[in-house]
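These notes are about the structure you will find just below.
The values are calculated or read from the model by the stated rules, or taken from the named source; none is laboratory data. Only a predicted model underlies this, so the values are computations on that prediction, with no experimental measurement involved. All Cβ positions, glycine included, derive from the backbone under ideal geometry; neighbour counts span all protein chains shown. Just the protein is used for accessible areas: all its heavy atoms, side chains included, with ligands, DNA and RNA removed. Shrake-Rupley method; radii C 1.70, N 1.55, O 1.52, S 1.80 Å.
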Amino acid sequence: QVQLVESGGGSVQAGGSLRLSCAASGRTFSTYTWFRQAPGKEREFVAAIRWSSGTTYYADSVKGRFTISRDNANITVYLQMNSLKPEDTAVYYCAAHIRNLVFTSPRQYDYWGQGTQVTVSS
């Protein structure tokens, strides 16, 4: 059974940090991507990593503040979020793709985690 399990969400004040984890099981994927969805808004691309090369990609809104990384041994992807802002408040989702390509549209992904809430207060 294919599973993506996220953890690490929570509530922090502006300027704080959180680290999200996404543990995969059941099959291997070539690309892992973090999306987020705020209330009343569409799901948006945050960051992605190609598993084989470790190449990373970021949305402009998080570049320089967020870092995506991987743990090969545990097949886990992390999203380190620093200098958090209230506008980062959202449910964060991990998604995975079997192709070694980065898609910024959530419609391209078939495999999703359950989501984890991140709340940043001012």
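A few points about this structure:
- Residue, most open to solvent (accessible area, probe 1.4 Å), within the range 6-15, restricted to residues that are under 15 Å from residue 117 (Cβ atoms) and not acidic (Asp, Glu): 11
- Pairs, first farther than 14 Å from residue 47 by Cβ and at pLDDT 95 or above in the range 10-21, second among the β-branched types (Val, Ile, Thr) and open to solvent by 30 Å² or more (accessible area, probe 1.4 Å), C-beta under 7 Å, six or more apart: 11/119
- Reported count of residues in the range 88-114, each being farther than 20 Å from residue 28 by Cα and surrounded by 14 or more Cβ atoms within 10 Å (Cβ to Cβ), is 5.
- Positions within the range 22-57 being open to solvent by 40 Å² or more (accessible area, probe 1.4 Å), more than 17 Å from residue 90 (Cβ to Cβ) and either of a type in the set (Phe, Trp, Tyr) or assigned to a loop (DSSP other than H, G, I, E, B) (or both), in sequence order: 26, 27, 28, 51, 52, 53, 55, 57
- Residues that are in contact with a strand residue (DSSP E or B) (Cβ under 6 Å, 6 or more places away or on another chain) and of a type in the set (S, T, N, Q) were ranked within the range 58-87; the one that is least open to solvent (accessible area, probe 1.4 Å) is 76.
- Tabulated pairs, the range 50-67, first within 14 Å of residue 99 (Cα to Cα) and without any contact (Cβ under 8 Å) to a residue 60 or more places away in the chain, second of a type in the set (Gly, Ala, Ser) and part of a loop (DSSP other than H, G, I, E, B), C-beta under 7 angstrom, 6+ apart or interchain: 50/30; 51/30; 52/30
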